[in-house]
Amino acid sequence: MSLIVTMSDTVPGREIESVVGVARGNVVRARFFGRDFVAGLRNLVGGEVPEYTKLLSETREQALDRMVRHAEELGADAIITFRLATSTVMEGTAEILAYGTAVKLK
């Protein structure tokens, strides 16, 4: 069975046996000049900036994968109360943090 990840505080149909800790995975990404140049041009006309949409989507997935790996290292069967947070580390960089409660199921 693969690890279950849910934003709720329970796993439907399953009982939580124990909490094994906080699982987390983070990624810090910096902007890239080439991408920024194209995005800046798009910004002049407005609308979505697909270069950044793709970058952030990939970064969220990487943070989620790291969180799942951490939970597996803790011996968890599931992660409940999964959340994503973002912050600016310095100008031109952003951190995406995936975190949740790693649990063992009965």
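The values are calculated or read from the model by the stated rules, or taken from the named source; none is laboratory data. Computed from a predicted structure; not experimentally measured. Cβ coordinates were reconstructed from backbone atoms using ideal geometry, including for glycine residues, and neighbour counts include every protein chain displayed. Keep in mind that these areas ignore ligands, DNA and RNA; they rest on the heavy atoms of the full protein, side chains included. Shrake-Rupley method; radii C 1.70, N 1.55, O 1.52, S 1.80 Å.
Please give the peptides 87-95, 16-24 ranked by average Cβ packing (other Cβ atoms within 10 Å per residue), highest first, as a rough proxy for protection.
Details: 87-95: 11.4, 16-24: 15.4.
Going by the mean number of other Cβ atoms within 10 Å, highest first, we get 16-24, 87-95.
Which order do Lys104, Lys54 take by accessible area at a 1.4 Å probe, largest first? Can you show the working numbers first?
Details: Lys104 65, Lys54 130 Å².
Listed by decreasing accessible area, they come as Lys54, Lys104.
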